[in-house]
């Protein structure tokens with residue numbers, strides 16, 4: 001999904017490693033037999049909370065903006 005988001009939107013949250021998120025998704029989708037589950041769990045524990053907060057901020061800001069045509 002990150003690949004489909006406009007760069008302008010991603011730029012509103014520069015602290016989020018969007019490229020790394022895309023890379024992890026690609027590994028999980030295409031190299032699932034080689035996944036290090038401990039590494040994935042570490043990402044979930046450490047990186048998911050800030051990502052969730054960033055997404056909530058993006059949604060909040062977008063909800064106050066008029067719809068785009």
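Data for the structure
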{"item": "The chain: most fluctuating residue of 33, 24, 48 per GNM, C-alpha cutoff 10 Å", "result": "33"}
{"item": "Helix 37-63 axis, angle to the chain major axis (alpha carbon atoms, nearest 10°)", "result": "10 degrees"}
{"item": "Degrees separating the helix 18-30 axis from the principal Cα axis of the chain, which is the longest one", "result": "50 degrees"}
{"item": "Potential extension, residue 7-residue 59 segment - 0.36 nm per residue separation minus Cα distance", "result": "17.2 nm"}
{"item": "Over the chain: helical MRE at 222 nm, DSSP H runs n ≥ 4 each giving -39500 (n - 2.57), nearest 500", "result": "-21500 deg cm²/dmol"}
{"item": "Listed values (1) 13.3; (2) 13.6; (3) 16.3, entry calculated as Kirkwood radius over Cα pairs in Å", "result": "(2)"}
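Each reported figure results from applying straightforward, stated rules to the coordinates on display, with no laboratory input. Keep in mind the model is a prediction, meaning the values are calculated, not measured.
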